[in-house]
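Student: Take a look at this one; I'll ask things after.
Values in this text are rule-based calculations from the coordinates and carry no lab data. What you see is a predicted model; the values in this text were computed from it and never measured. Ideal geometry is used to build each Cβ from the backbone, glycine not excepted, and the neighbour counts take in all protein chains shown.
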């Protein structure tokens, strides 16, 4: 059976670095299989997050050969195996141990975004009338599996560490799913401008490129939100109206 | 004495999939303090994997549907071994639970008149499954999660409960560890809801993730609750079989709902060969009628591919065993063939089954719009589980509740696709409601330090066992158990096989007590695996013991040595597992109570 070499990031906040491993590879294996094999046979205490192993839960995010990936959807035969495959934790988040990072910041941020608040139901049974074409756009955003690879790759978080002033692509997608939800009545544009820092995004589209769900994050979520913020707060005509509107 | 943090709640919910989240939301809205503990990060539980849809008789697509038909379908699917009261509550309340989700932001696919769209699924007479493409579970868990985080529930992510404590007869709390630093946490609580999901990791080929080690089953059992019908393990007929590393990953029944057909290695559509008597009148007898059914023709009957999962899985095993399998030991599931029927088939498939399209494209290099998939049975779901009161979901241990997959009763001998998601919501809500009520009506619990100390000592043992000094590798014990269960207590069972599995389990239990976890307590997967073995072995033993007890082949339970559906001179019964006075596992039979007259009438009328 063929073998392959891996450099896996090991260690915790005190000290960490690459450790070399070699393990058997079989047809169709993905990176997560190799990590599991190493864990079971050579490094029982290796820390790695995973759940579904089918690209549906977004737990096994890591950087494979420097690229943000879901380990369960990255096939070894798509990687050059003549040199070691490097597997590192997501770099935009604090290391916990080995391949596991502290992603709790994402959960705190989400909780601060104003929740869904629907208009009163259209029918007596408590339901609403919505056409498929009204929800197609939002359904794209709701495909998000919260793997946080978009957060990992976003330079505003990764390089500039603006976690206190910027919520990141995942949460713009989340905000877009609420703002464009046909039933929602809440207004989040002020928050987007002031506390969520949408202005920091300079649409380099790195997030869109790494999204395993192929959500067009920049074009379909961030840019329309930016436009709404501009319309609301920077439209010159509206500004004139506001200035001359008689005080109530 | 090991250190631990204490977090006290009125209601503690263990597990944050659909049932746990729904229970936590309900308990919190009743005004009690609620803690929610989950083994993984929030929103990653197995509910996220559910693909096809949630069954509820909304009658948006076919007005002939209603709770009575859903009730009758569920009972028939379960071979009438279901708890009929639970089946009644489930059928009646599912529509309201689905509508409620829409109010929390869920966006189901729509009908032309703007209502929730419903699709066909195995065993359901009418199009009944509300869905979002083939990612319904994700939509559901996200709607619950995004609503739940604003309900004042205290969430403990990546925290695993290893034992329950008791105050006399009552449950008094849960003890566990958080993964990050390996610190212990004690959760004293007036009421506890178990919503830990299934037992899939007891088998080698499974659609379940590492989390599903029968925690709730074992926690309840050791706390004195009863387990029923543990022999009924659902092997989903269509899991991936190739390449080896993806073996077991689920292929949604929705593929067959959209017109996908099963063919053997000879290219023949074999599902017409064997149609069970119970379903003969409801099943198409030719291919053309089957196709019309999948396309919404209300006069057509369902194709045999949409028979119940137990039956379809058995037919696949038969084809493979008799030498008519596909190259890698499965059969072919073909959706590409609909090109012959639809002009825009490829686009249609990608729209209706987007995640299946990607799954095969990315993991198996197969374009399902062009080629058939290779599929075979995969361990999917435990119909059996913790015995609960049908209305309140409380076990026989006061203050201990159970909901979702780890509870039992609704599904009988076989679960219909789509009924698990509705189960989570209907009984998750009920468990939360009654747990909150119990907490309000009862005094605080008294915590017994001795119990806590002995649990903590036990939990640290794998770290104290020396690797190399006789202490084995925990992963190896898990693998060996999975091999044994797969081979001896799988789809085809016999007394000889099950008995030898039971004696193997004794040996594995001894080995599990000596396994060693190398490294320290920080996020140590080896340590976690070592602790999980305890629950996994308890669940595996319960499955095997119940499988030995039921000397018949019914629903998901097939005995080569007892091929008949019924045992002579025996009324319908549940197998019941409980812990004996000396700590030994006991199995017995209990007759199922006679169905209420009005429900009996529904069954007779609907057939």
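Student: Within 10 Å of each Cβ in peptide B:512-518, how many partner chain Cβ atoms are there on average? Round it to a whole number, please.
Tutor: 1
Student: Which FRET efficiency value, to the nearest 0.05, do you get for residue B:448 and residue B:483 by plugging their Cβ-Cβ distance into 1/(1 + (r/R0)^6) with R0 = 51 Å?
Tutor: For R0 = 51 Å, the calculated efficiency reads 0.85.
Student: Shielding by partners for B:103-115, please: the mean number of other protein chain Cβ atoms within 10 Å of each residue's Cβ.
Tutor: 6
Student: Within 10 Å of each residue's Cβ, count the other Cβ atoms and sort B:14, B:192, B:455 from fewest upward.
Tutor: Placing the least packed residue first, the sequence is B:455, B:14, B:192.
Student: In nm, give the distance between the simple-model label positions of residue B:288 and residue A:160, each being 7 Å from the Cα along the Cα-to-Cβ direction.
Tutor: If labels sit at residue B:288 and residue A:160, their model points lie 6.7 nm apart.
Student: Which residues does a label at residue B:560 reach in the range B:473-496, if reach means a backbone N under 12 Å from a point 7 Å past the Cα toward the Cβ?
Tutor: Only B:487-496 pass the distance filter.
Student: Still on this model: Can you give the Kirkwood hydrodynamic radius of chain B from its Cα pairs, in Å with one decimal?
Tutor: After inverting the pairwise mean of 1/r, the radius is 24.3 Å.
Student: Give me B:272, A:148, A:166, B:401 ranked fewest to most by other Cβ atoms within 10 Å of their Cβ, as a rough exposure proxy.
Tutor: B:272, A:166, A:148, B:401
Student: Next question, about the same structure. Roughly speaking, what is the stretch gain from residue A:194 to residue A:244, that is 0.36 nm per residue apart minus the C-alpha to C-alpha distance, in nm to one decimal?
Tutor: 15.6 nm
Student: Then there's this: Take the alpha carbon atoms of the range B:68-142, find their center, do the same for the range B:414-481, and report the distance between the two centers in whole angstrom.
Tutor: If you average the Cα positions of each part, the centres end up 29 Å apart.
Student: Next question, about the same structure. Give the separation of the Cα centroids, the range A:67-115 to the range B:151-197, in Å.
Tutor: So the separation of the two Cα centres works out to 28 Å.
Student: Please report B:232, A:6 as a ranked list, fewest other C-beta atoms within 10 angstrom at the top and most at the bottom.
Tutor: A:6, B:232
Student: Whole percent per 10 Å bin, from 0 to the bin with the longest distance: what is P(r) over all C-alpha pairs of the range B:237-379?
Tutor: 12, 44, 36, 8, 0
Student: Using 1/(1 + (r/R0)^6) with R0 = 25 angstrom and r between the beta carbons of residue A:136 and residue B:96, what's the FRET efficiency to the nearest 0.05?
Tutor: After rounding to 0.05, the efficiency reads 0.40.
Student: Would you tell me the mean number of C-beta atoms belonging to other protein chains that fall within 10 Å of each C-beta in B:40-51, as a whole number?
Tutor: For this peptide, the per-residue mean of nearby foreign Cβ atoms is 5.
Student: Suppose only helical runs count, i.e. DSSP H with n ≥ 4. What mean residue ellipticity at 222 nm does that imply for chain B under -39500 (n - 2.57) per run, divided by all residues and rounded to the nearest 500 deg cm²/dmol?
Tutor: -11500 deg cm²/dmol
Student: Just to confirm the number: angle between the C-alpha axis of helix B:474-488 and the first principal axis of chain B, 0 to 90 degrees, nearest 10?
Tutor: Between helix and principal axis, roughly 40 degrees.
Student: Mind pulling the angle between the C-alpha long axis of helix B:136-148 and the longest principal axis of chain B? Nearest 10 degrees, somewhere in 0 to 90.
Tutor: 40 degrees
Student: Separate question: Pop a pseudo-label 7 angstrom from the Cα along the beta-carbon direction at both residue B:584 and residue B:570 and give the gap in nm to one decimal.
Tutor: With each label placed 7 Å out from Cα toward Cβ, I get 2.1 nm.
Student: Hull surface divided by four, with the convex hull built on the Cα atoms of the range A:3-101: how many nm²?
Tutor: Computing the convex hull of the Cα atoms and averaging its projections yields 5.8 nm².
Student: By how many degrees, 0 to 90 and rounded to 10, does the Cα axis of helix B:84-103 deviate from the longest principal axis of chain B?
Tutor: 90 degrees
Student: Can you figure out the FRET efficiency of residue A:14 with residue B:321, using R₀ = 51 Å and their beta-carbon distance, to the nearest 0.05?
Tutor: Given R0 = 51 Å and the Cβ-Cβ separation, E is 0.40.
Student: Can you tell me what share of the DSSP beta bridges in the protein assembly as shown is antiparallel? A percent to the nearest 5 is fine.
Tutor: About 70 percent, rounded to the nearest 5.
Student: Report the label-to-label distance for residue B:150 and residue A:124 in nanometres (one decimal), using points 7 Å from each Cα along the Cα→Cβ vector.
Tutor: My value for the distance between the label points is 2.9 nm.
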